[in-house]
Amino acid sequence: MVDYNKAFETAVAAVKTEGRYRVFADIERQCGRFPTALYHPDNGEGSREITVWCSNDYLGMGQHPGVVDAMQKAASKVGAGAGGTRNIAGTTHYHVRLERALANLHKKEAALLFTSGYVANEATLATIARILPDCVIISDALNHASMIEGIRGGRSIKRIWRHNNLDHLEEILKEIPADRPKVIAFESVYSMDGDIAPLAEICALAEKYNAFTYLDEVHAVGLYGEHGAGVAERDGVLDRIDIVEGTLGKAFGVMGGYIAASAAIVDAIRSYASGFIFTTALSPVLAAGALASVEILERSNDLRQRHQERAARLKKILTEARFPLIESVSHIVPIKVGDPVQCKKVTDYLLEQHNIYVQPINYPTVPKGTERLRLTPTPLHTDAHMDVLLTALDDAWTALKIKRAA
């Protein structure tokens, strides 16, 4: 007789043995006080205040008064949910307005909302492969799991190009017949290492070999470019990208995902993508909050500049203190630990001894041997917050006997 429960227990035990079992901390955000939050330990002790250093709410927009107010007004006006899929329950006016705003942000003809960035990638890439016969999708080696799953779901031919390696990308493009559909799928900001793709050069290769470009900007929208349209706006290549995919759950501080492209592309994805057709639509309350956030950040370049300054200062003080930073040209500040057990010990120590919350980043999110802390400074992290963090990290590195940088 098959012991089904035992099979699942064994699977979890294997993860624990490898030192990469994930424990979720019970965190309660406090509106108006970010990056402060309440931590509720599961040992029965009372809650206590902590400082959050690993949120993807990069600009603190999840607590912005304009965003919160828009959501409260929407809830009072139309209620909580969308009522079903957009094909059945209808499209709310908040969806229409948000899609128009996102299309305008990315200088595209149209946009399409999904329930998350993950679903947007998975559904869109799978659908592209089905619509383009005999398609070859050329995927950067470090693309997000959602992109990988979407490509796999489309069942097209897949080629992997070495991360940000233009020579290897061109080598692959040369091998594919000129009349065969080709899709280059890549990200702008890679969230674990904090590096940025050479967008202009990739676009040039796409144009040279008649390839279609699919750009994931989830860790860049709201944060880069004069209006927050991402690295493509910053680098002046918005018009050279066929599909831009983004999220509403990071810099915009709410929830949801989207694509922006030509009207024909968006209409085709809307008509064929199962991940859109058969999923309950994004709550109009969330759409209202996201719309407010997009509109606020379009005119808040000072907030983006402050964000970059905060990231630069944190990198500087950590480098001077000889912490093993992984080189990053973005707002991501990764500190390499290199061992899953030690990585978890560091984060536990920071939380228990210093009330600092950072999640360990272990395999499969990053390759084995590159386990790390991933710090995400925001405009709301002060010099005082950084000084406390530096002291806490110094204590943890000393107590746990972790190597410093040379």
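Against the main long axis of the alpha-carbon atoms of the chain, helix 199-208 sits at an angle near 30°.
Solvent exposure of segment 311-386 amounts to 40 Å² per residue of accessible area, where only protein heavy atoms count and the probe is 1.4 Å.
Helical content of the chain, expressed as a calculated mean residue ellipticity at 222 nm, amounts to -13000 deg cm²/dmol (DSSP H runs of 4 or more residues, -39,500 (n - 2.57) each, divided by residue number, nearest 500).
Taken about its Cα centre, segment 154-197 carries a charge dipole of roughly 340 debye when the Cβ of each Lys and Arg holds +1 and the Cβ of each Asp and Glu holds -1. In this Cβ point-charge picture (+1 for Lys and Arg, -1 for Asp and Glu), segment 249-358 has a dipole of about 280 debye about its Cα centre. Take the alpha carbon gyration tensor of segment 111-170, find the square roots of its eigenvalues, order them as a ≥ b ≥ c, and report rounded if a/c is under 1.5; if not, report prolate when a/b exceeds b/c, else oblate. Judged from the Cα gyration tensor, segment 111-170 comes out oblate (a/c at least 1.5, b/c at or above a/b).
When the P(r) is computed for the chain, the part past 34 Å accounts for 34% of the Cα-Cα pairs. The alpha-carbon of LYS73 sits under 30 angstrom from the alpha-carbons of these lysines, leaving out residues fewer than 8 places away in its chain: LYS107, LYS108, LYS250. The charge dipole of the chain, taken about the Cα centre with unit charges on the Cβ atoms of Lys, Arg (+1) and Asp, Glu (-1), comes to about 300 debye, rounded to the nearest 20.
Think of the chain as having a plus end and a minus end, set by charges on the Cβ of Lys, Arg, Asp and Glu; of ALA80, MET147, ALA232, ALA80 sits farthest toward the positive end of this dipole. Give the carbon-plus-sulfur fraction of the accessible surface of the chain in %, rounded to a whole number; probe 1.4 Å, heavy atoms of protein chains only. The C+S portion of the solvent-accessible surface of the chain is 53 percent. The length gained on full extension between ASN210 and ASP42, counted as 0.36 nm times the residue separation minus their Cα-Cα distance, comes to 54.9 nm. Over segment 121-207, accessible surface divided per residue gives 41 Å², non-protein components excluded, 1.4 Å probe. Mean sequence separation of contacting Cα pairs (under 8 Å, at least six apart), scaled by the length of the chain, corresponds to a relative contact order of 21 percent. Counting only heavy atoms of the protein chains and using a 1.4 Å probe, ASP235 has close to 60 Å² of accessible surface.
The values are calculated or read from the model by the stated rules, or taken from the named source; none is laboratory data. Model, not experiment: these values are computed from the prediction. Methodologically, a virtual Cβ is constructed for each residue, glycine included, from the backbone with ideal geometry; neighbour enumeration extends over all protein chains shown. When the accessible area is computed, the model is the full protein with side chains, heavy atoms only, and any ligands, DNA or RNA have been set aside. Shrake-Rupley method; radii C 1.70, N 1.55, O 1.52, S 1.80 Å.
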